Amino acid sequence: MILKIALLIIVLIIIYLFFFKVSRGENSPRKTNRPKIEGETMVECPVCGTFVSNKDAIIKDGQFFCSKECAKL
């Protein structure tokens with residue numbers, strides 16, 4: 001009788017570990033193949049010191065400017 005109870009407890013533990021530990025492992029924050037969050041690189045205007053996204057910046061002579069006024073276009 002005790003052997004049957006011990007076997008039942010072992011089976012229940014295996015079922016618990018299979019269903020609950022595996023599902024928690026999928027949502028783990030330490031997962032290495034998560035998509036990386038791509039952020040914008042901010043650059044400083046050499047004239048006024050304002051930071052602007054490199055996508056929105058005006059490039060002149062290899063420098064990033066925040067506006068046409070600062071780039072003197």
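The values are calculated or read from the model by the stated rules, or taken from the named source; none is laboratory data. Since we're looking at a predicted model, the values are computed, not measured. Here Cβ is always computed from backbone atoms with ideal geometry, including for glycine, and neighbour counts include all displayed protein chains.
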*Restricting region 49-61 to residues that are in a loop (DSSP other than H, G, I, E, B) and touching a strand residue (DSSP E or B) at 6+ places or on another chain (Cβ under 9 Å), which is surrounded by the most Cβ atoms within 10 Å (Cβ to Cβ)?*
ALA57
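Can you go through PHE20, PHE64 and tell me which one is surrounded by 10 or more Cβ atoms within 10 Å (Cβ to Cβ) and at pLDDT below 90? Break it down stepwise before answering.
Values: PHE64 fails: at pLDDT below 90.
Just one listed residue meets the conditions, PHE20.
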